[in-house]
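The numbers here are math on the coordinates, done by the rules we state, and not lab data. Source: prediction; values computed, not measured. FYI the Cβ positions are ideal-geometry reconstructions off the backbone, even for glycines, and counts take in every protein chain you see.
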Amino acid sequence: RCPSDAWVKRGSYCYLASCSTGDMQHARQQCASFGARLTSVHDANEELFIDWLAKSEQNINGDTCGEYREMYIGLTTINNGASWEWDDGSTFDYEHWVEGEPNNTFTTAHCTTIQITDNLTWQNVECTNSMGYICKKAV
């Protein structure tokens, strides 16, 4: 079972999109409070589902979950972009970066957001940016 009606079940996971903005640490803490982690993404179908979920949350709240309509996902780097890891420890087997990303120009863009737009691409950002987030929890 999912933790509450705010969560949506897909396969063997429950997902939550939240427009409650904060930095990456805030997003991680919010997910952890439900026994969840920031979402990992493993294929285009899961990415489309996450996009639908995020757009649904944005429509309910009547806002855009941040100025750029981006939400944190659980992908980070600890070595300035040489490799990327999912918070949940799952295999990094799918990626959908916006053209030119990850760029890590300032060596501080260690976190990742999914852009809730028509092209659904990812961008590496500073972990202090204030964004919404997507949680994922095994059922």
Expressed as a whole percent, how much of the Cα-Cα distance distribution for the chain exceeds 19 Å?
44
I'd like the FRET efficiency for Ser4 and Asp43, computed as 1/(1 + (r/R0)^6) with the beta carbon distance as r and R0 of 30 Å, rounded to 0.05.
0.70
List Phe34, Phe92 from most exposed to least, where exposure is judged by having the fewest other Cβ atoms within 10 Å.
Phe92, Phe34
Taking the dipole about the Cα centre of the chain, with the C-beta of Lys and Arg at +1 and of Asp and Glu at -1, give me whichever of Ile78, Gly35, Trp97 is farthest to the positive side.
Gly35
Report the label-to-label distance for Ser130 and Ser12 in nanometres (one decimal), using points 7 Å from each Cα along the Cα→Cβ vector.
3.9
Dipole size in debye (nearest 20) for the chain around its Cα centre, Lys and Arg Cβ +1, Asp and Glu Cβ -1?
580
What's the exposure ranking of Lys55, Lys136, going from fewest to most Cβ atoms within 10 Å?
Lys55, Lys136
